[in-house]
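Just below is one structure, and these are the notes that go with it.
The values are calculated or read from the model by the stated rules, or taken from the named source; none is laboratory data. None of these values were measured; they are calculated from a predicted model. Every residue, glycine among them, receives a Cβ derived from its backbone with ideal geometry; neighbour counts consider all protein chains shown. Ligands, DNA and RNA are excluded from the accessible area calculation, which covers all protein heavy atoms including side chains. Shrake-Rupley method; radii C 1.70, N 1.55, O 1.52, S 1.80 Å.
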Amino acid sequence: MGDTREEQEQSRKWSSPGQLRELLAELVRVPSVTGAVEEAEMAEVLKRKLEELDYFQAFPDQLRLTPAGNGTQIVTALVRKPGAAKTILLISHHDVVGISDYGSWEPLAWELEDLTAMLINGKEHSGLPGEVLEDLAQTDETWLFGRGVMDMKCGVALHMSLLEKAADGEFDGNLLMLSVPDEEVNSAGMRKAVPLLVTLAQEWGLDYRLALNSEPVFPRHPGDNGVYIYTGSIGKMLPGYLCYGRETHAGEPFSGFNANYMAAVLTAELEWSAELSEFGPLQSTPPPTNLLHRDLSPGYSAQVPHRAAVLFNLLQMDRPARKTLMLLKRAAYRAASRMEEDFYGRAMEYAKKSPFPVAEPRVNVFTYEELYALASERHGETATAEAVNHRIAGLYAAMETPGQEPDGREATIAVADALAALCKDLAPMVILFVAPPFYPAVAAGEEPLVRNTVERLAGYATDVFGLELAVEPFFRGISDLSYIGSPQAADMIHSLAPNMPLWGRGYEIPFDAMSQLQMPVLNIGPVGRDAHKRTERLEAEFAFRKLPQLLTLAIRTFLEEF
């Protein structure tokens, strides 16, 4: 360690903007879509790259791959300072979403340089939004394009660079890099990683002081050019409704109750509902939006669809889970009343011209917990549990790949459907349930050391770069920080678990291990645009020149002030 700081920087692999760009291009080139074979290969690529550092050649046991299920692996890379226990945890994910949205650009989606050059040279501009064209009109290569370039392989590359600095002795403490698979779908990688982090702390005597993520900056609204630091991560619930109507021939629609119509009314009730948003002094959550809307019929027939399901994206900050469930049930009651009124009113209107006896309908509303209790009263707890477990076993048996898990959303809907079938006489009915994944909200903005660090970063950004950094309490893009140090999470799940059909049947959150990982969290990441779109892009100047200095300062501040 006798080299000067300048000599160390010159000898590094991932220090200069050019080196970081080259590393990022190499990582983007691996098409590590969640669930694809390349997702598993990505962990191997990261391990091989980190093995290039002299440090891990000297301490190979501190660089590991740990199975995370379905062939994927978790990467852990620990750089230790002799005699130190205090440790900064660097969290990232190495999976990305697919590229079906790229259309004719698809062959270049994984080639950062080629796709960026094509767009800068003026090709394929037809149909691009105005804000994308404005970015392309800036200085050449200000923005870099490609799948995963900002979400979040830039963060992975920056964490590798920080490990290299730690190996050169730049920090007064330890750095542990954790890169997980499957963040984009279920966060299965992080849920597997939490107990692993507890084990590593015990094995190496680590005292975790901060969980630092580098997910990209998300604009507050279209056209927002702010640069944000996040002192927490927003929570997410995935509520859904099973609509169980009554079957009938399509020629006799008033003899049954169409579940597709029920699902449509529920979607109209919840979509953009401000009642289900949260409004705080610094931040608010967007209203819920529908993520799935379909009937459960096995195929086309002249039978009216009598089973349908809807799922909604619902983000949360501070609201208790029990209150959220109450609001969701209240919304279902309003939707049920509209269904009853519409059915009766339209049936009466039709009956005026073609007389038939019209009965006023009753649409029942239950939570999954309430319906399970009713089914147990009627059929017994054992028979009810067997019906639910039989449906889950059938889902696993139907999987083409042995050992692969069924989709958590589809499995949840199927289980709710099996339960409703035990109480068909209560139809038409709406059953409220919660599907995985569940992300607890986590916030560290009130931690004195977090406030001090953020203030120091903001001052540095202003003095050195002339850049204004804004602070938000919650990262709004959903992140794995939700599984670090959230003391309210266990209490929330007590309300949610009875309404999560898969809880304890294939989906769980490691709350016991989480309780041992109580630490502040921060998200400091690159500026990007259009996550999960074909125009996903990264602002290169900030990512490669300014952000590395801010991340380094954040780590030093946190370690020095303890």
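Ranked highest first by the average count of other Cβ atoms within 10 Å around their residues, in what order do 233-243, 536-546, 352-362 fall?
The densest-packed peptide leads the list: 233-243, 536-546, 352-362.
What does a probe at Glu134 reach in the range 228-243, counting residues whose amide N is under 19 Å from the point 7 Å along Cα→Cβ?
Residues passing the 19 Å test: 228.
Can you figure out the FRET efficiency of Ala470 with Glu22, using R₀ = 35 Å and their beta-carbon distance, to the nearest 0.05?
0.70
Okay, which of the range 466-485 sit inside 20 Å, backbone N to the point 7 Å along the Cα-Cβ direction of Thr289?
Label zone hits: 474-480.
Please work out the average accessible area per residue across the chain, using the 1.4 Å probe convention, and give it in Å².
Dividing the accessible area of the chain by its residue count gives 42 Å².
Roughly speaking, to the nearest percent, how much of the chain's 1.4 Å accessible area is carbon and sulfur?
That fraction is 50 percent.
Along the Cα-to-Cβ line of Arg12, 7 Å from the Cα, sits a label point; which residues in the range 90-124 have backbone N less than 19 Å from it?
Within reach of a label on Arg12, which here means backbone N under 19 Å from a point 7 Å along Cα→Cβ, the range 90-124 contributes 90-92.
DSSP H helices in the chain with Cα extent of 30 Å or more along the helix axis and mean Kyte-Doolittle hydropathy at least -1.0?
321-353
Which of the lysines could be linked to Lys323 by a straight reach, that is with a Cα gap under 26 Å, when you skip same-chain ones fewer than 8 residues away?
Lys236
Per-residue counts of other Cβ atoms within 10 Å, averaged by peptide: what ranking do you get for 513-524, 251-262, highest first?
Ranking the peptides 513-524, 251-262 by packing returns 513-524, 251-262.
Please work out the Cα convex hull volume for the range 93-225 and give it in Å³ per residue.
Value for the range 93-225: 159 Å³ per residue.
For Ala84 and Thr462 in the same chain, what is the full-extension length gain: residue separation times 0.36 nm, less their Cα-Cα distance, in nm?
Extra length available between Ala84 and Thr462 comes to 132.8 nm.
Computed from these coordinates, which is Kirkwood radius over Cα pairs in Å: (i) 29.3; (ii) 28.0; (iii) 25.5?
Checked against the structure: label (iii).
Per residue, what volume in Å³ does the convex hull of the Cα atoms of the range 403-562 enclose?
187
Starting from the Cα of Lys424, draw a straight line to each of the lysines and keep only those under 28 Å, dropping any in the same chain fewer than 8 residues away.
Result set, ordered by chain and number: Lys329.
Highest first, please rank the peptides 170-181, 99-110, 460-471 by the mean number of other Cβ atoms sitting within 10 Å of their residues.
Ranking, from highest mean packing down: 170-181, 99-110, 460-471.
Can you tell me the length gained on complete extension of the stretch Met519 to Asn225, counting 0.36 nm per residue apart and subtracting the Cα distance?
Value of the extension gain: 102.8 nm.
To the nearest 20 Debye, how big is the dipole of the chain about its Cα centre, given +1 on the beta carbon of each Lys and Arg and -1 on that of each Asp and Glu?
1380
How big is the range 488-536 along each principal axis, measuring the range of its Cα positions in Å and listing the largest first?
Computed over the range 488-536, the largest-to-smallest principal extents equal 40, 28, 17 Å.
Aspartates and glutamates near Lys353 by alpha-carbon distance under 20 Å, same-chain residues fewer than 8 away left out - which ones?
Reachable aspartates and glutamates: Glu252, Glu341, Asp342.
Name the residue farthest towards the positive end of the dipole of the chain from the options Pro286, Phe171, Ala117, assuming +1 on Cβ of Lys and Arg, -1 on Cβ of Asp and Glu, about the Cα centre.
Pro286
Just list whichever of Lys153/Lys533; Lys81/Lys546; Lys165/Lys546 have alpha carbons separated by over 24 Å in the model shown.
Lys81/Lys546
Using 1/(1 + (r/R0)^6) with R0 = 35 angstrom and r between the beta carbons of Glu275 and His249, what's the FRET efficiency to the nearest 0.05?
Computed FRET efficiency for Glu275 and His249: 0.40.
Would you work out which of Ser301, Val450, Leu46 lies farthest towards the positive end of the dipole of the chain? Charges go on Cβ: Lys and Arg +1, Asp and Glu -1.
Farthest towards the positive pole: Ser301.
Along the charge dipole of the chain, pointing to its positive end and built from +1/-1 on Cβ of Lys, Arg, Asp and Glu, which listed residue (Ala385, Gly232, Leu210) has its Cα farthest out?
Comparing the listed Cα positions along the dipole, Ala385 ranks first.
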